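Bear in mind these aren't lab numbers, they're just calculated from the coordinates by the rules spelled out. On a predicted model such as this, the values are computed, not experimentally measured, just so you know. Cβ placement follows ideal geometry from the backbone for every residue including glycine, while neighbour counts extend to all protein chains displayed.
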């Protein structure tokens, strides 16, 4: 029995010693690899980091994106003016049928008692004109009456500007030749004409416009849907800020003026150039009236065994044509067969479903943007490796809710009207849209041993 | 506690140690192993390794050897053996060198007498071939407007092992036979990577995606080994083992990191037959000499041409030969003889690897010494063997490895019934 005990101890000691020795020696196995042994096998890629410039675009189109929840007449901003071929006026309907109250009885609305009638607008901070902001300074407003109130439901993004009723001749503002530069412009109107509107007790439509003497520029004003107070003067926070008819009375202080809000208002966007049909002429990313370009590049220059190391989409803005507010630009994947569909119009929800975000950039100021580069490596890897059955293209979009990483601003892309106009395929090499692809090649053989 | 229960505890400890050790590292460590079918690990226990590796003609039932399955036929007690070794190696190629340190637990065995002295059952775990080597070459590329720095790396690691389940039968005093059914398993992974470390973006992420290709093979198969151990003359013994040509099923998973690609491929390997012959002769009271010769003609190996990461690898296969010879002064039992009773072992080894490297065959030469220590009551032995070896030649193969290997075996005996 004593012998057994000794053997047990010895064996246990040996086993524990072996365990300790093994653990200790195993800890010494972190010797760093180096060249020793290299070249014994096919241990390098056949070709590393090969450059390929892909600048042939096999399919191009422009997606019009509509948000059914926010038709044009429900957008928070009303646009007025003209810029780079875009022209918009503002339509407003006022209902004069039920304007009187205990505070403002009908007896107050007399020619003798009305001191002035004005149309008040609230300009967004971004559009305050100065040399610094680059926004128009000299603005000559005009107001004319429509032959009938407009039908706001006709004004949808995808349906275009809709039907604008005819205009009754004659401007209603008393001094159309005077420029109004204020952030809260008030357009003086003829009191007698205005009195007639009150006495008529009907719903009337009006069009607000800028005449040709105004500085060029598209200017945004708050609409009756306006809620983003961060975009206007802070003293206006929480107030209702649509275009208002303001009536001042002789017998009351200015602070007790009568203010009539519209029952409908909208931008007209009656002139909005179509996105170029031919990519050689360039392409456009537009917000507010969302239009997002889709580009399907030709990948046939890649060999079948290519391993994509990097792919960069480069586009260049034409800074002479680009304008608007800072935006995010997102590059997403989309089934390019969507380009063959009629109208090429998607709802916002359909866009979210149809696209997969790849990358993007935030806070792109149109005035500063020139060359943009997007790392689309992961997407090109998927495309080249045949992950998809259908051809895939890149869509350049604004920072929609669906692209949460790049949806950093408090306003959605329907808020500001911004156009990034990019050079097309007829531009010089350094400006045309292109993919800079870097790839490596592997042989079919890849290791393994007994 | 009864001695049976005590030994059960020892068995548990040994098995745990073996399993942990085997899981931790069980791969060869020379750059030669990165090529072709990989490196064969040393055969036998520390006693055999100390005397040059011979052991096919081993018949000591109080110190059973497992290199020849027939050796176990005469055991009368339950035997347990665990062999492990640590190895340090210096590896040199043109203008570069690298030192490596590894530990292995390649062999764990148990033998149980069914009919004492006549029929025994054996089982165990034996690492056969293994590889663990990693190369790295720093590189610079110019692409677009960037200077890209990084490295290309290749790594091979894995092993194949056997679980031999055997029966040994002593048909005659001078003849024993054995057979084992070997469950063969293994895996091996090869990773080819090109890392492009710089430049990086503002987040520290490299501009250029690395390419990481991984091929991982899983092996399954069975083989059978036939064995004989004969004593044709007094003090002369001859041992023979033969493992027939057999098929190994392989399944490869190929993945490319950063790329949506994963493929599976099934294939079959036809491994050539292996014949080993051993001879041992007594030289007097305590002295004994022995010789083992093993041959496996890898030119008969069949595998898919694109299986290994080297074009034309099949043309480099050769007939593998391994020779081990040595002399042993067995343990003495003279009272108060002290160190003089310790066994002494000396041997040499010569091994022609199964494939060429650098257009020339790879020769491995080694010398070894060893000794052992009996456990109390002669219920086992602790053996150690030290081997100094050199693999390849700078002139012929472009690189060489010099290793020092310390092998330790623990063998225990117990009568369970």
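The helix-only estimate of mean residue ellipticity at 222 nm for the protein assembly as shown, built from DSSP H runs of length n ≥ 4 each weighted as -39500 (n - 2.57), is -3000 deg cm²/dmol after division by the residue total. Distances longer than 30 Å among the Cα atoms of chain B: what percent of all pairs is that? In whole percent, the long-distance tail amounts to 45. Just the ratio, please: alpha-carbon radius of gyration of the protein assembly as shown over 2.2 N^0.38 Å, N its number of residues. For the protein assembly as shown, the normalised Cα radius of gyration is 1.52. The C-alpha radius of gyration of segment B:306-347, expressed as a fraction of 2.2 N^0.38 Å, stands at 2.47.
Here residue B:123 and residue B:286 are evaluated by their C-beta separation; at R0 = 25 Å the FRET efficiency comes out at 0.20.
Potential lengthening of the chain between residue A:388 and residue A:69 amounts to 111.7 nm, from the contour at 0.36 nm per residue minus the alpha-carbon distance. Among A:229, A:141, A:388, the residue with the largest mean-square fluctuation in a Gaussian network model of chain A, with springs joining Cα atoms closer than 10 Å, is A:388.
Taking a point 7 angstrom from the Cα of residue A:103 along the C-beta vector, which residues in segment A:243-257 have backbone N less than 17 Å away? Correct set: A:244-257. Counting Cβ atoms of other protein chains within 10 Å of each Cβ in B:83-89 and taking the mean gives 3.
Given their separation in residues at 0.36 nm each and the Cα-Cα distance between them, residue B:173 and residue B:390 gain 74.1 nm when the chain is fully extended. Using only Cα coordinates, the Kirkwood hydrodynamic radius of segment A:74-115 works out to 14.0 Å.
Its residue count N sets the reference 2.2 N^0.38 Å, and the alpha-carbon radius of gyration of segment B:35-186 equals 1.48 times that reference. Computed on the Cα atoms alone, the convex hull of segment A:292-397 gives a volume of 121 cubic angstrom per residue.
What is the calculated FRET efficiency for residue A:183 to residue A:278, with r their C-beta to C-beta distance and R₀ = 41 Å, to the nearest 0.05? With R0 = 41 Å, the Cβ-Cβ based efficiency is 0.50. Taking only the Cα atoms of segment B:228-351, the ratio Rg/Rh comes out at 1.22, with Rh defined as the Kirkwood radius.
Comparing B:280, B:171, B:81 in a Gaussian network model of chain B (Cα springs below 10 Å), the most mobile by mean-square fluctuation is B:171. Over all directions, the projected convex hull of the C-alpha atoms in segment A:86-267 averages 11.0 nm² in area. Counting Cβ atoms of other protein chains within 10 Å of each residue's Cβ and taking the mean over peptide B:206-212 gives 6. Summed over all non-identical Cα pairs, the Kirkwood treatment of chain A gives a radius of 26.3 Å.
The fraction of all Cα pairs in segment B:147-243 landing in successive 5 Å bins from 0 to the largest distance is 3, 11, 12, 10, 9, 8, 7, 7, 6, 6, 5, 5, 4, 3, 2, 1, 0, given as whole percents.
Placing a pseudo-label 7 Å from each Cα along the Cα-to-Cβ vector at residue A:132 and residue A:320 gives an inter-label distance of 2.9 nm.
Annotation for residue A:430 and residue A:125: the two label points, set 7 Å from Cα along the Cα-Cβ direction, are 3.7 nm apart. Each pair of Cα atoms in segment A:175-283 enters the Kirkwood radius, and Stokes-Einstein at 37 °C and 0.692 mPa s then converts it into a translational diffusion coefficient of 190 µm²/s. Modelled label positions at residue B:270 and residue B:185, each set 7 Å beyond Cα in the direction of Cβ, lie 2.7 nm from each other. Springs between alpha-carbon pairs under 10 angstrom, Gaussian network model over chain A: which of A:415, A:198, A:323 fluctuates most? Looking only at A:415, A:198, A:323, the biggest GNM fluctuation is shown by A:198.
Peptide A:433-442 has a mean shielding of 3, counted as Cβ atoms of other protein chains within 10 Å of each residue's Cβ. At an R0 of 56 angstrom, the distance between the Cβ atoms of residue A:261 and residue A:56 translates into a FRET efficiency of 0.55.
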